[in-house]
1. Treat every Asp and Glu Cβ in the stretch 197-242 as -1 and every Lys and Arg Cβ as +1, leave all other atoms uncharged, and give the resulting dipole magnitude about the Cα centre to the nearest 20 debye.
2. At 18 Å minimum axial length over the Cα atoms and a Kyte-Doolittle cut of 0.0, report the qualifying DSSP H helices in the chain, or say none.
3. Assigning unit charges at the beta carbon (Lys, Arg +1; Asp, Glu -1) and nothing else, what dipole magnitude in debye, to the nearest 20, does the stretch 146-259 show about its Cα centre?
4. Run lengths n ≥ 4 of DSSP H only: what is the helix-derived mean residue ellipticity at 222 nm for the chain, with -39500 (n - 2.57) per run over all residues, to the nearest 500?
5. Give the Rg/Rh ratio for the stretch 107-259, taking Rg as the radius of gyration of the Cα atoms and Rh as the Kirkwood radius, to two decimals.
6. Order these peptides, 30-37, 104-111, by their mean beta-carbon neighbour count within 10 angstrom, highest first.
7. To make sure I understand, if each residue's beta carbon is the centre and we count other beta carbons within 10 Å, what order do GLU188, GLU4 fall in, fewest to most?
8. Volume per residue, Å³, of the convex hull around the alpha-carbon atoms of the chain?
Amino acid sequence: MSAEALLRCEVAEGVGTVTIDRPDKRNAMSAAMWRALPALLERLATDPAVRAVVLTGAGGHFCAGADIGELADINPGDLPVAAEEALVAFPKPTLAVIRGFAVGGGCQLAAACDLRFAAEDARFGITPAKLGIVYPGASTARLVRLVGPAAAKYLLFSGELVDAAHALRIGLLDEVLPAADLDGRVAEFTRVLTARSQLTQQGAKEIVNAAAAGALTPDLVDAWERESRKGVDSTEGVAAFLERRAPRFTWTGPAAHKR
């Protein structure tokens with residue numbers, strides 16, 4: 001099957017859902033799939049019908065990482081990092097929905113999303129220590145920002161899998177739910193995301209990411225404040241509040257706010 005067929009994409013009610021669909025391999029990513037993901041995300045970024053993206057896996061698992069049989073072609077510091085960076089740069093909210101294994105490159109993809117919701121049976125691991133590989137620098141820095149130095153060392157030194165409760169405790173997850181409740185909670189939360197201002201979300205995402213990386217500049221903040229002062233969404237938000245109705249935000253902005 002083609003890489004595009006193994007990365008199914010559906011758009012409904014403002015949400016683009018990308019499903020890694022290779023259940024016979026626990027959704028391990030081939031080299032072609034790693035290459036295809038950034039282009040797929042670029043299409044979703046420019047689609048005005050998409051206000052948020054969900055990344056998930058088919059068949060009871062999220063993603064078992066890179067296909068070990070193609071490891072020589074994948075190069076952990078190359079294709080997976082490019083896909084990870086495409087997720088980080090995606091201008092709209094991204095939500096990883098995790099069941100089963102999120103291991104190696106799968107955990108890398110989940111960590112690159114803005115938020116992570118998981119079933120209680122989810123298992124997480126970053127396994128380069130089992131392969132004699134040094135985890136990519138950018139991915140390591142992102143992991144440290146997410147879970148802190150000690151937890152990052154625990155995961156990287158040991159390569160051991162941790163359960164969802166452990167992942168929640170260290171900050172790798174935002175919510176853990178019974179498997180039967182996960183889809184309903186995700187649907188509820190994505191309805192919240194798609195009802196909110198894209199101006200607020202995109203501005204917040206870029207500013208938060210820059211702050212977390214120690215790269216926040218006055219120019220970046222000023223650019224978003226100027227965009228906000230145009231009043232495209234704030235006028236509607238205030239009017240909706242005063243009229244006691246749901247706001248109908250219209251700002252779409254550029255696919256990626258260029259500086």
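Every read-out reported here was derived from the displayed coordinates using simple, explicitly stated rules and does not represent laboratory data. The structure displayed is predicted, hence computed values, not measured ones. All Cβ positions, glycine included, derive from the backbone under ideal geometry; neighbour counts span all protein chains shown.
1. Numbers: 4 positive and 7 negative charges, 8 e Å.
Around 40 debye, computed over the stretch 197-242.
2. On the way: long enough: 31-45 (22 Å, 0.74); 179-195 (25 Å, 0.28); 198-212 (21 Å, -0.19).
Going by DSSP H runs, the hits are 31-45, 179-195.
3. On the way: 14 positive and 15 negative charges, 75 e Å.
So the dipole magnitude of the stretch 146-259 works out to roughly 360 debye.
4. On the way: 12 runs with 123 residues, N = 259.
When only DSSP H runs of four or more count, the value is -14000 deg cm²/dmol.
5. Details: Rg = 19.1 Å, Rh = 18.1 Å.
Rg divided by Rh gives 1.05.
6. Working: 30-37: 21.1, 104-111: 27.1.
Answer by packing, highest mean first, reads 104-111, 30-37.
7. GLU188, GLU4
8. Per-residue hull volume (Cα only) is 129 Å³.
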